[in-house]
Every structure is written in structure tokens, then in C-alpha cells.
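These notes concern the structure reproduced below.
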Amino acid sequence: MRYVSTRGGQGALNLDQALNAGLASDGGLFVPESLAPVTLRYSDSLPAVAAQVLAAFFVGSALAPELETICAEALDLPLPETPLRDENAALLELFHGPTAAFKDFAARFLAACLARLNPQQVPTTILVATSGDTGGAVAAAFHRRPGFRVVILYPSGRVSARQAHQLGAFGDNIHTYQVAGSFDDCQALVKSAFADQNLRSRVLITSANSISLGRLLPQMAYYAYVSLRWQNARSASVNLLIPTGNLGNALGAVLARRLGLPIGHIAMAANANHVLSDFFATGNYQPQQSLATLANAMDVGAPSNFERVVWLFPGRSARDADLSAQSVADAEIADMLRRAPDRYAVVVCPHTACALVRLERLRAAGDKRAWLVAATAHPAKFESIVEPLIGRALAVPAGLADLLQKPAYAITLENNYPALRSVLLS
Ligand SMILES: *Cc1c(COP(=O)(O)O)cnc(C)c1O
């Protein structure tokens with residue numbers, strides 16, 4: 001498989017070149033040159049299905065002979081479904097990795113790939129801006145991997161206390177900085193570093209943000225697996241409800257659908273950041289400043305994978321048939337968090353609550369389809385929001401509990417590029 005740019009201005013590259021480059025030279029995002037339907041043997045093992053789905057995408061890559069090992073190492077995480085009470089719907093719990101958010105699947109896969117592409121252990125800096133969950137997942141995936149240093153930037157005061165603790169608790173080759181600014185500011189600092197050719201001639205930096213193919217491919221693989229599992233159990237295609245910010249997770253589902261997997265409609269739920277719902281309502285894309293909400297990992301005003309959606313769906317009618325997006329206000333998130341234990345017999349995180357609000361809206365409009373709702377993080381990661389609303393303390397999953405035992409440390413970084421530059425050169 002070769003990879004081209006969404007903007008059409010760069011020659012095709014193989015996977016290894018595209019992974020290392022991160023962004024295409026014309027500023028676009030890498031997309032597969034073709035998406036041919038796949039025929040798969042069902043297996044109840046996610047790594048086994050993932051290796052089959054991804055085989056075509058690794059043709060021509062030095063990693064191809066290791067694909068099965070990479071999938072076994074990175075993707076062997078539990079992926080249970082929990083039925084929602086009195087509903088023709090279930091939660092897909094994507095949060096059983098070490099940092100209790102779905103980003104563990106992709107971060108671990110990316111780390112397994114990059115480590116194998118760097119056998120000489122050439123010092124490489126993974127530079128990542130995070131609104132809360134990406135940084136922790138990337139830190140866990142690269143922690144103590146020889147040859148890698150991770151530099152994490154997060155917006156000071158805008159992540160949950162437990163997210164902040166998690167980001168600062170790794171130590172060793174993980175360097176965590178809190179920036180006095182927003183997530184957009186952190187992303188802008190990262191972009192400046194990638195655009196700084198002088199810096200890049202002196203330090204090898206690589207991105208782990210959600211535009212990386214190394215994150216998109218495994219997300220496609222777990223939706224392929226889940227849709228086959230659903231079809232195997234119910235002889236039907238699965239409709240997916242997905243909490244959405246940068247469009248990485250949902251795009252995985254869209255790609256799996258393009259490969260011919262049994263996926264019906266993909267309904268996205270955003271928080272009060274309404275750029276996607278506006279786009280689906282009007283056809284106009286107008287990036288915004290991000291708003292801070294209760295679902296902070298989706299506080300995105302300009303979804304970084306947007307160009308890939310437009311590349312996949314140049315026309316509006318095909319897009320609207322497969323995909324839709326709605327925005328959910330903080331008051332609705334809080335109300336859903338409070339009601340979910342009685343109504344659905346589940347406790348969810350604020351992001352997953354957005355998807356449940358959308359499910360209620362669908363039912364209110366007469367929709368009778370079966371839905372699988374992506375649960376993107378464990379609610380205990382957002383205890384300061386969830387616990388007061390449900391009136392009790394939540395048990396903390398083991399991996400998260402281990403990290404919370406450790407001391408955490410974040411260095412304060414000024415919100416300007418020269419400050420980041422000197423960190424990267426040190
Ligand atoms: C990152 C994240 C999201 C948003 O996922 P995208 O791929 O950016 O759309 C949703 N929920 C949680 C808990 C997250 O960490």
C-alpha cells in the first residue's frame with residue numbers, strides 16, 4: 001500500500017516513510033491510495049483480526065513481517081460490550097488499557113511500530129500536545145523505550161486532576177510540561193516546532209498526534225473486529241455512536257466501513273464545540289477557537305482529521321448517508337451523567353455521556369435501530385465531574401490506581417515558542 005496526501009501535492013510514499021514524516025510535504029494528511037474491500041475470517045481475538053485487516057496497509061513496509069507481533073503486543077486489550085438497560089444498545093468499553101482511555105490502543109500500536117523502525121535507537125523526540133488523554137497514552141506506550149524521549153505539553157488547569165497526575169507520574173524518558181494557555185496554544189507550539197527547519201536539522205522529532213497513520217490504522221482495526229463480532233452474534237450490521245473531537249476514532253470506523261465491514265450509520269456526538277454539527281447542517285466548515293467543556297478531551301475547534309473526511313466524501317449526499325454529527329451542551333452532559341445509572345444501569349465519562357444524549361435524541365425522533373456506543377474513557381478519570389453528580393465514589397481501575405500512587409511532576413513552560421525550542425534542544 002502507498003499513501004498519498006489529502007491535498008494531492010506529494011508523491012506516494014510507503015507506510016514507513018509516511019509514519020516517519022507524520023504530515024505530507026504539501027501540508028495535507030496521509031491517506032491510503034486505495035481502499036479495496038477485504039474478506040476476513042472471524043476470530044474472537046482482536047490481534048488476529050487486526051493483523052488480517054492491516055495486512056494490505058503494510059505491504060511494502062519493513063514492518064510487514066512483524067505485523068502479527070505488533071498487533072499481539074499492542075492490541076491485546078479487553079474490549080467488552082455492556083448492554084444498556086431497556087435499550088436496543090450497548091456500550092463498547094474502549095478504556096481497558098493502561099491509561100483508561102481508548103487512545104491506549106493507538107498509542108501502543110504507534111510505539112510498537114516506531115520502535116521497530118528505529119532499531120539503531122537513534123535519539124528521537126516524540127512531541128505531543130494533549131487535551132488530557134493523548135499525552136498519558138503516549139507516555140505509557142513509550143515509557144522506558146530506548147531511543148525515545150517524549151515531550152508532552154498540556155494546558156495548565158484545563159485537564160482533570162487525575163489526568164494531570166497521570167501525565168506527570170511516569171518520569172524517566174517522559175518530560176511533562178504544563179503551558180499557561182489553551183490546548184490550541186499547545187498545538188500551535190507543536191506546529192511551530194515541526195515548521196522549524198533549523199531545529200529539525202538538529203533534533204529528530206516525530207508526532208504522535210491523532211493525524212498519525214500509526215494511530216488511525218489500529219482504530220480502523222478495532223472497529224473491523226467489533227463489527228464482525230456484532231455480526232457474528234446478531235447477524236446484523238452495527239450502527240455506531242462515537243464521541244468525537246479531532247475525528248480520529250470516528251474516522252477509524254469510517255475506514256473500516258469502506259473496507260466493506262458490516263457497519264451501518266456512524267453517528268458522532270461532539271460537546272459544545274459545534275464546528276462539525278454546523279458542517280453537517282450547512283455544508284460549510286468554519287474552524288473556531290475551542291471552548292472548554294465538561295468533556296475536555298473533545299475541546300476541539302478545528303478537528304485535525306477533518307481533511308480526511310472531505311477526501312473520503314467529496315460529495316454531500318454520500319457523506320450524509322453514512323455519517324452525521326450533533327453537538328451536546330454541558331448542561332445535557334451533566335444531566336446525562338446524573339441519570340445514566342438509573343436509566344441505563346451504567347456510569348459513564350463525560351465524553352461517553354455526549355453519545356448517550358445523542359442516543360436519547362434518536363429515540364425521541366422514533367429511531368429503533370440497534371446501536372453500539374463507544375465508551376471512550378473510564379469515568380474514574382473524571383471523578384471530580386462524575387462523582388458529585390452520581391453521589392458516590394467510583395472504583396479506580398488498577399492501571400490508573402498504580403499511577404496515582406506515584407509522585408507526579410510537571411514543569412511550567414512559558415506559552416511561547418522560544419521556550420519550547422530550548423527544551424527540545426536540551
Ligand atoms: C480523545 C478523546 C475523544 C475524542 O476522540 P477523537 O479521536 O479526537 O475524535 C473522546 N473521548 C475521550 C475520552 C478522549 O480521550
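Bear in mind these aren't lab numbers, they're just calculated from the coordinates by the rules spelled out. Since the model is a prediction, treat every value here as computed from it, not as a measurement. Backbone-built Cβ (ideal geometry, glycine too); neighbour counts: all protein chains shown.
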Karplus-derived 3J(HN,Hα) from phi for the range 270-283 (6.51 cos²θ - 1.76 cosθ + 1.60, θ = phi - 60°), whole Hz, x at Gly and Pro, runs 9, 7, 5, 6, 10, 4, 6, 5, 4, 4, 5, 6, 10, x
Hey, what do the phi angles of the range 204-216 turn into as Karplus ³J(HN,Hα) couplings, whole Hz, using 6.51/-1.76/1.60 and θ = phi - 60°, x for Gly and Pro?
7, 10, 9, 8, 10, 6, 5, 7, 5, 4, x, 9, 5
The rounded separation in angstrom of the Cα centers of the range 17-41 and the range 217-290 is 18 Å
Label-point separation, Ala318 to Ala236 (7 Å along Cα→Cβ), nm:
2.7 nm
Residue by residue, what Karplus-based ³J(HN,Hα) values in Hz, rounded to whole numbers, does the range 326-332 have, using 6.51, -1.76 and 1.60 with θ = phi - 60° and x for Gly and Pro?
9, 9, 10, 7, 4, 5, 6
Label-to-label distance, nm, for residues given as Asp335 and Lys406 (7 Å Cα→Cβ offset):
4.1 nm
Give, in whole angstrom and from largest to smallest, the semi-axes √(5λ) of the equivalent ellipsoid of the range 1-67, with λ running over the eigenvalues of the Cα gyration tensor.
25, 13, 9
Report Rg (one decimal) and Dmax (nearest whole number) for the chain, counting Cα atoms only, units Å.
20.2, 60
Aspartates and glutamates within cross-link reach of Lys368: Cα-Cα under 20 Å, excluding same-chain residues under 8 positions apart?
Glu81, Asp86, Glu87, Asp320, Asp322, Glu360
Quote the FRET efficiency, to the nearest 0.05, computed for Glu414 versus Phe280 with a Förster distance R0 of 35 Å and r equal to the Cβ-Cβ distance.
0.35
What is the range 299-426 by shape, rounded, prolate or oblate, if you read a ≥ b ≥ c off the alpha carbon gyration tensor as root eigenvalues and call it rounded for a/c under 1.5, prolate for a/b larger than b/c, and oblate otherwise?
oblate
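Given Cα pairs under 8 Å that are at least 6 residues apart, what percent is the relative contact order of the chain?
Working: 864 pairs, mean separation 80.2, N = 426.
Once normalised by length, the contact order is 19 percent.
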Rg/Rh of the range 220-267 (Cα atoms, Kirkwood Rh), to two decimals, equals 0.95
Is the shape of the range 90-163 best called rounded, prolate or oblate, per the rule: a/c under 1.5 gives rounded, else a/b larger than b/c gives prolate, else oblate, with a ≥ b ≥ c the square roots of the Cα gyration tensor eigenvalues?
oblate
Please work out the ratio of the alpha-carbon Rg of the range 73-117 to 2.2 N^0.38 Å and round it to two decimals.
1.47
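Let me know the charge dipole size of the range 86-199 about its Cα centre in debye, to the nearest 20, where only the beta-carbon of Lys, Arg (+1) and Asp, Glu (-1) is charged.
Charge dipole, the range 86-199, about its Cα centre: 500 debye, nearest 20.
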Among Arg343, Arg229, Arg108, the residue with the largest mean-square fluctuation in a Gaussian network model of the chain built from Cα contacts under 10 Å is Arg343
When the charge dipole of the chain is computed with +1 at the Cβ of Lys and Arg and -1 at the Cβ of Asp and Glu, the Cα pointing farthest to the positive end, of Leu372, Ala21, Gln286, is that of Ala21
Provide the packing ranking of 110-117, 354-361, 194-201, 156-163, i.e. peptides ordered by the mean count of other C-beta atoms within 10 Å per residue, highest first.
354-361, 110-117, 156-163, 194-201
Most fluctuating of Asp342, Asp185, Asp133 in the GNM of the chain (C-alpha, under 10 Å) is Asp342
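Quick one: work out Rg over Rh on the C-alpha atoms of the range 361-426, Rh as Kirkwood radius.
1.22
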Between the range 308-370 and the range 44-76, what is the separation of their alpha carbon centroids in Å?
31 Å
Would you mind checking which residues have amide H under 5 Å from His265's amide H? H placed 1.01 Å from N; only 5 or more apart, or other chain.
Leu240
Under the rule a/c < 1.5 gives rounded, and otherwise a/b versus b/c splits prolate from oblate, where does the range 231-377 land using the Cα gyration tensor?
oblate
